[in-house]
Each structure stands twice: as C-alpha cells, then as structure tokens.
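Here the structure comes first, spelled out in structure tokens, and everything after it is commentary.
The values are calculated or read from the model by the stated rules, or taken from the named source; none is laboratory data. Bear in mind that the values here come from a model prediction, so they are computed numbers and not experimental data. Cβ coordinates were reconstructed from backbone atoms using ideal geometry, including for glycine residues, and neighbour counts include every protein chain displayed. Remember, those area values only see protein heavy atoms, side chains included, never the ligands or the DNA or RNA. Shrake-Rupley method; radii C 1.70, N 1.55, O 1.52, S 1.80 Å.
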Amino acid sequence: MTTHTTASPDLPAGLPDLLLGSTEDVLGAVPYLLGFHPAESLVVIGLRGSPPKGRVHLTVRWDLPLADRDLGRILPLLRKEEITQVIVVGYGSGPLVTPAADAAVALFRKGGIGLLDALRVEDGRYWSYVCSRTDCCPPSGAPYDREAGAVAVRAVAHGLVALPDRETLERSLAPVGGTARTAMRGVTGRVAEELRRRIAGCEDPDGLAAEIVADGTARVRAAIGFYAAGGRLDDEQAARLGFDLAVIRIRDEAWALITDDAHDAHRRLWQDLTRRLEPRFVPPAASLLAMAAWRDGDSALASVALARAHEADPGYSMANLLMDALRCLLPPHALKDRMPSPEELDLQMGVPRTSWLLPLVVLLEEPPAGPAGPAG
C-alpha cells in the first residue's frame, strides 16, 4: 500500500490566524487546509498558543490504514513548531479509523501535547473519542454541513478551493493529451533538432555553456513575470524552457526565485509546464511546482507534483530531496532558509562550463515518446 503523508506547517493564504471555535469549524476547515475533502485519512491539526485560544499552525494527513512507523514522526515536528494543542480527525469507518485515532491519542498524551478532541467522520456525521456527553455527541453521531459552515464560507470568500478528493487533485496535474500533446511533441522535436545543430557546430564549448545559461536564466525570469501578469507561454516557449531546466544552474535560478511574493506565479507556471512538457522534461518543472506549493502551505499539491516527477525519473535528486522532506514532516522553511540567492549561486558554482550541459545532451539523445494519449 502507498501511504501519502503530507504536512503543512504554514496556513493557506486565505486562512491567516485561523481560530477554531467549534467542532463544525474544525470539520469545515480541514478540506481547505488540505486542498481537498479527505477520505480514509487521519488528519492532525496543530495549534500554537495558550488554551483555549490556540491558533492553527500546521496540518498533517496520512492515508489509512496507518503504518506503525508513520505516526511517531510527528512529535519532533510538533515540538519544533511549538505546537501546544492538537485535534485529531479520522475519516472513514470505525474499524478503519479507531485504531489510528487510539494510537494518536495515546502518543500525544504520552508526549505531553494537549489533546483538544479526537473525531471520526463518516457520511456527514461525526463522533468524538474523548467526549461522552450524549447531548452533543450522540451514539448515532452528530450531523454537520461540510459546505455551509462559517470557516468554509470564509475560505471560499478568500478564493480557496477544496477539491472533492485527492484523485481530483491528481487529475489537475495529468498530462495534456490529444491535439495539445501532438502539437507540443512536434514543437519539442523541432527545438531539439535546433539545439543539436547548435551544439554540433560549436567551436567554443565553454562559451556555448555560458550563452545557454544566460539565455535560459533570462527565459526563466521572463516566464515568471509573464505568468505573474496572467499570461501563458506558447508551445515553443514552453518547449525551450523545458530544455533550459535540464541545466542545473538554470533550474536552480528558478528555485532561488520562488519567494513569498512570487509563489502564485510560480505555481501557475510550473503547473502548466508539468502538464504540457513531454514526460522526460517533467521532473524539474514538477519539482519546482512542489517547492512553490509546499512554501504556500499546500503539501498535498506538492506531493502529487513529486509523484509526477518520480514517475518520469525516479532518480531525480531535487524531487527525492523534497520527497524526503515531506516524508519526514519538515516545515518548508527548513529548506527555504538554506536556498541561496541567484547571486550566491553564481559565487558557489562559478563560471559556466561545458560539463553543465551534459544533462541537456542526454535529453537530446533520448528518443521521443510514443503516440499522444487522449485529450486531457
């Protein structure tokens, strides 16, 4: 069984300083904290501050049934993030949720973390594992409206979306197909042939590397600005950027430019390219999307993007680094604070060299993919 573990130590932008005053608030917030309505999941919401006014700071989700080793990873994260209270919510049938909820309750009590509530949710009703009052928590479960609660209304007003399920989120990154795929494949082939001729006719390899890096970093910056203004690359621009990102220095330029005031443009750009690029070009774009989403508190989208990168290239180092970070429940700032600026990258990596182009040369030697799939 594949277990999807996601952690969001930063809230989505539309839910700053979120206070949860009731069980209905909790259940209304979860889909917007995750980005989709969970099913067969265990969710832990971590709050900072003194009871009873702790503010939501992080959300962690696991698939159920829960692997024994998964839950224990959360205590170091809670302590590092100064979490004082947690709420546990399990989605699914009693036999599926109860063992995981019991394990979580025991872990938090033993670890000295305040437990506000532990809930099970199924078919529009919820049950509490810690409340025995039948007036508020009847044996038949208490009904709730997952769409009309105050938190859900606030989230929608701020432009947040809770997709119906994780599968819908996965489809949002599915490769384009049909005529769009055919057109992209043709343009990619033409750009590849142009680059082959350029490399074959080069008399100054290091000079060519410098030109390609300068052109590629300029294209990265232009593309980010284009998407920030609501634009979209055409197929040739997208294909060229796909080749550019094979060069680590160019990809790292894009990585370094993922800042708090530019993450929306990055998300649109890299999500678009993750869907449109030919499969062998996907890992850099998908990894950049994952980083942008993770910084934005959307670890669910980050994990789906990393799955796309891993599918195309299981050995892609940036994707594996981010996968390990999500699996270990690291907060985004653990990597954000260590990422150098473009100027620092120049100092660290030095003058462009021919060896920088080897990943690009490998791409140019690979045969094109097969026929286009159905429209997507």
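Looking across segment 274-286, the residues that are closer than 17 Å to Ser172 by Cβ and touching a Phe, Trp or Tyr at 6+ places or on another chain (Cβ under 8 Å) come down to Ala285, Ala286. Checked against the criterion of being open to solvent by 10 Å² or more (accessible area, probe 1.4 Å), outside any helix (DSSP H, G or I) and either among the acidic types (Asp, Glu) or under 30 Å from Ser172 (Cα atoms) (or both), the candidates Leu66, Leu116 yield just one match: Leu66. More than 22 Å from Arg353 (Cβ to Cβ), open to solvent by less than 20 Å² (accessible area, probe 1.4 Å), part of a helix (DSSP H, G or I) and at pLDDT below 95, is that true of Ala223? No; evaluated as a whole, the condition is false for this residue. Taken over segment 31-50, the residue count meeting the criterion of being outside any loop (DSSP other than H, G, I, E, B) and crowded, with 18+ Cβ neighbours inside 10 Å is 12.
Search segment 258-282 for residues being at pLDDT 95 or above and assigned to a loop (DSSP other than H, G, I, E, B), and hand back the single one that is farthest from Ala228 (Cα to Cα). Filtering segment 258-282 for residues that are at pLDDT 95 or above and assigned to a loop (DSSP other than H, G, I, E, B), the one farthest from Ala228 (Cα to Cα) comes out as Glu278.
Look at segment 248-262: where a residue is of a type outside the set (A, V, I, L, M) and a partner is open to solvent by less than 10 Å² (accessible area, probe 1.4 Å) and in a loop (DSSP other than H, G, I, E, B), sitting 6+ places away or on another chain with Cβ atoms under 6 Å, you get Arg251/Leu245. Within the set Val176, Val187, Val213, Val153, the sole residue that is within 30 Å of Val304 (Cα to Cα), surrounded by fewer than 17 Cβ atoms within 10 Å (Cβ to Cβ) and either touching a Cys at 6+ places or on another chain (Cβ under 6 Å) or among the β-branched types (Val, Ile, Thr) (or both) turns out to be Val153. If the condition is being of a type in the set (S, T, N, Q) and in a loop (DSSP other than H, G, I, E, B), then segment 119-152 contributes Ser132, Thr134, Ser140. Of the residues screened, Arg55 is not one that is charged (D, E, K, R), open to solvent by less than 10 Å² (accessible area, probe 1.4 Å) and either modelled with pLDDT under 85 or under 27 Å from Asp123 (Cα atoms) (or both). For segment 70-98, a residue qualifies if it is out of contact with any strand residue (DSSP E or B) (no Cβ under 9 Å at 6 or more places or on another chain), modelled with pLDDT under 95 and not charged (D, E, K, R), and the qualifying residues are Gly72, Leu75, Pro76. Against the numbered list (1) modelled with pLDDT under 95; (2) over 26 Å from Val60 (Cβ atoms), Ala292 comes up short only at (2). Taken together, the residues in segment 296-353 that are aliphatic (A, V, I, L, M) and at positive phi amount to 1. Residue check: is Val97 open to solvent by less than 40 Å² (accessible area, probe 1.4 Å), touching a residue at least 24 places away in the same chain (Cβ under 8 Å) and touching a Lys or Arg at 6+ places or on another chain (Cβ under 7 Å)? Yes, satisfied. Scan segment 283-327 for residues that are touching a residue at least 40 places away in the same chain (Cβ under 8 Å) and not in a helix (DSSP H, G or I) and the total you get is 3. The condition of being within 11 Å of the chain's Cα centre (by Cα), of a type outside the set (Asp, Glu), surrounded by fewer than 24 Cβ atoms within 10 Å (Cβ to Cβ) and within 18 Å of Leu58 (Cα to Cα) does not hold for Leu335. If you filter segment 128-150 down to residues that are open to solvent by 60 Å² or more (accessible area, probe 1.4 Å) and at pLDDT 85 or above, you find that the one that is farthest from Leu96 (Cα to Cα) is Pro143.
Among the residues of segment 101-113, those identified as open to solvent by less than 30 Å² (accessible area, probe 1.4 Å), part of a helix (DSSP H, G or I) and touching a helix residue (DSSP H, G or I) at 6+ places or on another chain (Cβ under 9 Å) are Ala104, Phe108.
Hey, does segment 182-197 have a residue that's at pLDDT below 85, at negative phi and of a type in the set (Asp, Glu)? Within segment 182-197, none of the residues are at pLDDT below 85, at negative phi and of a type in the set (Asp, Glu).
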